[in-house]
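One structure is given below, encoded as structure tokens.
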Amino acid sequence: MNIDFVSKYKIFVAISLVVIIAGLVVVIFQGLNLGIDFKGGTTIYVNIGKPYSPDDIRGILSSEGIEATVMQVGDNKQDAIIRMRHMENQEEIHKRLITLLKEKYDLTDERFTIETVGPTIGKDLTRNAILATVISWVGILIYVGIRFEFKSGVAAIVALIHDVLIMVAAAALMRTQINSTFVAAVLTIIGYSINDTIVIFDRVRENHKKFGSKLPKAEIMNRSINESLTRTINTSLTTFFTVTALYVFGVESVKEFSLPILVGIIAGTYSTIFIAGPLWVEWNEKARQRKLATAK
């Protein structure tokens, strides 16, 4: 197998840009669907203790003019999780909702658990999420730069930024809720994606030692990607199928984590093959041209 990935570099970048720009447009006009972890709000856990329809609870919320999400959870689907963003007169709304649920399902106070996140805590979580992502990028840049070279580290970081942007764009387009679970998925994909990228750059280093100046860097990169392609695809597919099973058969909380992971696996595999390596070649080629121009 000898696929020329480097020469088609701009096409692959254009495809990614279309997805990212589409997501950016949605963010500009509709904003991200931020969960209560970031916006502040309340989560109410209700042990109903018998079969029920989530639509009945949604009907109660709608009649009271309350915007909230309802998830049916529990071993026998007899529990409910109601998530509401921060609102004025929040305590009064909670009391009113709990009263209506008590009347509807004949419940006692012991069946309810309330957790509230204030707007200030939400801002702290947002800052910490961004900080955690940036720190991971810096650590990876240092590690890859030391193990290989600085250009390889930068190319790897650009690929990781690509993965995060694709995940955020997909979340914006699908209106997936952005919460602490989503942040955990992003950090997981950063670690997953860099592993494949390092494998390719390790192969580049070996081929560079083997062929040296006999082959141009584009040919060395194409050879390295092709040699690692089967491993990369097999690893990604096995992980993808496993996470897909979690999404199909898992509970709602697992689905919140597995859906962005699925998107991240696709984005990470794509950036490993089509973005990181060709970007490294492009950078080296421009550096070579500048050196020749200076020599003249």
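The values are calculated or read from the model by the stated rules, or taken from the named source; none is laboratory data. On a predicted model such as this, the values are computed, not experimentally measured, just so you know. Note that each Cβ is placed from the backbone with ideal geometry, even for glycine, and that neighbours are counted across all protein chains shown. Heads up: the accessible areas ignore ligands, DNA and RNA and are worked out on the full protein's heavy atoms, side chains in. Shrake-Rupley method; radii C 1.70, N 1.55, O 1.52, S 1.80 Å.
Brief remarks follow.
- For the chain, the calculated P(r), taken from all Cα-Cα distances in 10 Å bins from zero up to the bin holding the longest distance, is 6, 23, 27, 19, 12, 8, 4, 1, 0 percent.
- Taken over the C-alpha atoms, the range 175-239 has Rg and Dmax values of 16.1, 51 angstrom.
- Residue 58 versus residue 29: modelled label distance in nm, points set 7 Å from Cα along the beta carbon direction: 2.4
- Over the Cα atoms of the range 186-296, the radius of gyration divided by the Kirkwood radius equals 1.14; this is the Rg/Rh ratio.
- In this structure, the residue pairs whose Cα-Cα separation is over 29 Å, taken from 50/255; 10/39; 8/255, are 10/39; 8/255.
- Cα-based equivalent ellipsoid, the range 3-122: semi-axes from gyration tensor eigenvalues, Å: 41, 18, 13
- Alpha-carbon gyration tensor eigenvalues x 5, square-rooted, for the range 43-191, Å: 42, 16, 13
- Computed over protein heavy atoms with a 1.4 Å probe, the carbon and sulfur contribution to the accessible area of the range 42-85 reaches 41%.
- DSSP finds beta bridges in the range 33-187, and of those with both partners inside it, around 95 percent are antiparallel.
- A Förster radius of 30 Å, combined with the Cβ-Cβ distance separating residue 286 from residue 240, puts the computed FRET efficiency at roughly 0.30.
- Residue 96 accessible area, assembled protein chains, probe 1.4 Å, Å²: 110
- With Rh defined as the Kirkwood radius, the inverse of the mean 1/r over Cα pairs, the Rg/Rh of the range 203-264 is 1.30.
- Surface per residue (accessible, 1.4 Å probe) for the chain, Å²: 54
- Taking the Cα centre of the range 112-259 as origin and assigning +1 to Lys and Arg Cβ atoms and -1 to Asp and Glu Cβ atoms, the resulting dipole is close to 620 debye.
- Only helices enter this figure: runs of n ≥ 4 DSSP H residues, each worth -39500 (n - 2.57), summed and divided by the residues of the chain, yield -24500 deg cm²/dmol at 222 nm to the nearest 500.
- Beta bridges by DSSP in the chain, antiparallel share as percent, to the nearest 5: 95
- Taking only protein heavy atoms and a 1.4 Å probe, the accessible area of the range 184-239 is 57% carbon and sulfur.
- Among the protein heavy atoms, those of residue 235 account for about 40 Å² of accessible surface (1.4 Å probe, every chain in place).
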